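Take a look at the structure below.
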Amino acid sequence: MAFSELHRSGGQLRLRTPSKYTALFNVMLRASDLGVLVLTGMIAYWLRFETLDIPLDYQRNIAAGTLFAVLVFNTSSLYQSWRGSTLSAEYFRAAGLWTVAFAAGLLFAVGLKLAGDVSRVWWGAWYAGALVGLGGVRLLCRSSAALVRQQGLDLRTAVVVGATAEASRIVETLKRERWAGIRVQGWFSTPVDNGRIDSIPRLGDMTTLAAYVEERRINQVWIALPLSAQSQIDTALAALRHSTADIKLVPDLFGLRLLNHSIGQIAGLPVIHLRDSPLDGYGHLVKAIEDKVLASLILVLIAPLLVLIAIGVKLSSPGPVLFRQKRHGRDGKVIKVWKFRSMRVHQEAEGKVTQARKQDTRITPFGAFLRRTSLDELPQFWNVLQGTMSIVGPRPHAIAHNHEYKEVVQDYMQRHRIKPGITGWAQVNGLRGETDTVEKMAARVEYDLYYVQNWSLWFDLRIILITAIKGFFDKHAY
């Protein structure tokens, strides 16, 4: 089939663009929550006193309560993607968090004697009004999302593995619950199937699954097999080991209630999230803003240094000041990474990439200084502004090395689920330089995957701070 031929000849992962609408709805929801808390505080005062000439004491209490709510909301899972959760579940989560924040704000006001002669009726009206408002904005946001998805926008594509009763239920539920925005393209058969799904086409079997997912840029793979079919589940996971699609296992749990298990829901269907994209929605937006703001600021600050380095490179040996290397970016898309040239101009054999080694004769003396101090990487801030890299993330490896190591290092390609970075958790922990053994590469990948799984804005800022303090000089960099 053309799928497998394309997969073999391309040798690359296909790009899947994160939804801009998901990030937009998330921002709308956050802004609406903030507006609701302030507005309901003002409305409660107007209902109580029939004026909007709000005294300073009330303004302070509204500000304190809203601040506590922002802190509580943003340190919870409230703003994670709600594509798979019900409106009632999200509302009760928001109501509970608002109750905690309101109680904290009230205690803060009483403890610091900010409450003064503030009306208890106003306190109660504000609390109740905010509960109604938080539910209203969520209903409005979901309705807007449903309208967008009815126009064919902000959709996720999915395929189902298996033809079990659970697989049929998945298909019918996702067709019925259009607000979830998930379009099932078809199903793939397995040797343990005892039926078929007539409402969607059969797309192939386990041998064509991975190629189809990559060529069609499928966002989600739903494995609907009984837990007794462990070998088939393993086969599907092995086939998709280089894919960046979200993989969801839907075992026979519809009649069971399990304790101490983390099971999510999508359109009311219980799923075990085997693999999810770490930076979709709000996280993607936060990291994009972080990258653009910091990269712009840093480039302005280091502009004189860039000029001096360019002069040094030009004087060190004949050749261009900058050069670009092909690397894999997010979801395996090939990108071109900028660097200051640190080696003498030379020609590599086709398809071969020789790593720099200690006392490598290709490296100029000035280039050796640049590599030891990581100053040769500074032009990559331009990659950050272009959107092909992040300031913090797994370092991009040569494409040839990716093809080599993905077969021998477990979960190697999962580091490509986010944008590569100028610096990373592996680098600040000393894992830099030549990776001449599988063990060295495996250790670097382990740190990269830890970062992917534990990403946060604060984690990024911590890595940037460590890099600024001690990351520019490393005995392993050459």
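The values are calculated or read from the model by the stated rules, or taken from the named source; none is laboratory data. Bear in mind the structure is a predicted one, so any value in this text is a computation, not a measurement. When we count neighbours, we look across all protein chains shown, and the Cβ atoms used for this are built from the backbone with ideal geometry, even at glycine.
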Next item on the list: Considering only the stretch 30-68, state which residues are under 36 Å from the mean Cα position of the chain (by Cα) and of a type in the set (K, R).
Entry: R30
Next item on the list: Mind listing whichever residues of the stretch 313-338 are surrounded by fewer than 17 Cβ atoms within 10 Å (Cβ to Cβ) and more than 35 Å from the chain's Cα centre (by Cα)?
Entry: K314, L315, S317, P318, G319, P320
Next item on the list: Kindly provide the set of residues from the stretch 152-162 that are in contact (Cβ under 8 Å) with a residue 40 or more places away in the chain and out of contact with any Pro (no Cβ under 9 Å at 6 or more places or on another chain), ordered by number.
Entry: L153, D154, R156, T157, A158, V159, V160, V161
Margin query: Test of understanding: among L47, L71, L24, L29, which residue is at pLDDT below 85, outside the structural domain of N219 (by TED's automatic domain parsing) and either in contact with a Lys or Arg (Cβ under 9 Å, 6 or more places away or on another chain) or not in a loop (DSSP other than H, G, I, E, B) (or both)?
Written below: L24
Item checked: Residue among R216, R196, R202, R183 that alone is surrounded by fewer than 22 Cβ atoms within 10 Å (Cβ to Cβ) and within 27 Å of E90 (Cβ to Cβ) -> R183
Check: Out of the stretch 301-322, which residues are of a type in the set (V, I, T) and closer than 16 Å to Q380 by Cβ?
Finding: I302, I309, V313, V321
Notebook entry, point to check: Are there any pairs with C-beta distances below 6 angstrom linking a residue in the stretch 384-402 that is free of Cβ contacts under 8 Å to residues at least 12 places away in the same chain to a residue that is buried (at least 24 other Cβ atoms within 10 Å of the Cβ) and among the polar types (S, T, N, Q), with the two at least 6 apart or on different chains, and if so which?
Noted result: none
